[in-house]
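Read the structure below first, then the notes.
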Amino acid sequence: MIYLICGEKMERVQKVIANRGYTSRRNAEKLIEEGKVKVNGNIVKLGDKINENDKIEIEGKEICINDNKVYYLLNKPRGVISSVKDDKGRKTVVDLINANERIYSIGRLDYDTTGLIILTNDGNLSNHLTHPKNKVVKTYLAKCKGVINKEQINKLKNGIYIDNRKVDIIDFKVKRIDNQKNITFISISIIEGRNHIVKRIFESIGLLVDKLTRTNYDFLTIGNLKSGEYRRLSIKEVKKLYRN
């Protein structure tokens, strides 16, 4: 079902939902596929286009336009889910932030991965930062079981292929080697967004990731934030993210 209104700009349903700050575009697509989204009283399908001012209902609740955009940087602890809610009742990143607005994370970190994650209700920023064409760099610090050798370093330099596709490794540095404990700390910067991609990179060269922390997202860093702490992004920082 595609709604056509002469002279008015039409957008895909998932984009309008994200713009209203309800959830990310990706999750909106999932809700549409599950038949939980109605526009002007009619169930919509993925690919349908609507007007920005159309009435949207998700699971029977009307989703209103929200002009109050908020942006948070969280140092995600281990054992926290990167979603709005969890069917198993586990703590989520949203639970850690005292916000009046409905917010969600931009991208995800694994359950056992810690570090920098951005939460917002700005669907445009979420789409901008996660779109592959913008090549946003994320940096991780990995604690790996095993001592890295020259052959493994050369593999990282020459390029890693996961599922027959080359991984965009921007940079990596061996930060520290502990021969006695048989561990290596490696910093790696990538523009990939595939699931478990950092762990899979190191697994492909024979190293098992024991702990993983995202330290940088584009120009943003964790700074002095302790695990579970968060801060608001400044207007200047948000504008800089949009300029990426």
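The values are calculated or read from the model by the stated rules, or taken from the named source; none is laboratory data. These figures come from a predicted structure and were not determined experimentally. Positions of Cβ are generated from backbone atoms using ideal geometry, with glycine treated the same way; all protein chains shown enter the neighbour counts. Each accessible area value is taken on the protein alone, full model and side chains, heavy atoms only, with ligands, DNA and RNA left out. Shrake-Rupley method; radii C 1.70, N 1.55, O 1.52, S 1.80 Å.
A few notes on this one:
- Strands (runs of 3 or more DSSP E) wholly inside the stretch 1-104 that include at least 2 residues being acidic (D, E), touching a residue at least 12 places away in the same chain (Cβ under 8 Å) and over 20 Å from T130 (Cβ atoms): none
- Test: residue in the stretch 150-164 that is of a type in the set (S, T, N, Q), assigned to a loop (DSSP other than H, G, I, E, B) and on the phi > 0 side of the Ramachandran plot: yes
- Test: residue in the stretch 192-207 that is of a type in the set (V, I, T), open to solvent by less than 70 Å² (accessible area, probe 1.4 Å), touching a residue at least 12 places away in the same chain (Cβ under 8 Å) and assigned to a strand (DSSP E or B): no
- Search result, residues across the stretch 229-239 that are open to solvent by 40 Å² or more (accessible area, probe 1.4 Å), under 20 Å from N75 (Cβ atoms) and either in contact (Cβ under 8 Å) with a residue 24 or more places away in the chain or not small (G, A, S) (or both): E229, Y230, R231, R232
- Filter result for the condition that a residue is out of contact with any strand residue (DSSP E or B) (no Cβ under 6 Å at 6 or more places or on another chain), outside any helix (DSSP H, G or I) and either closer than 19 Å to T114 by Cβ or open to solvent by 70 Å² or more (accessible area, probe 1.4 Å) (or both), over K226, K211: K226
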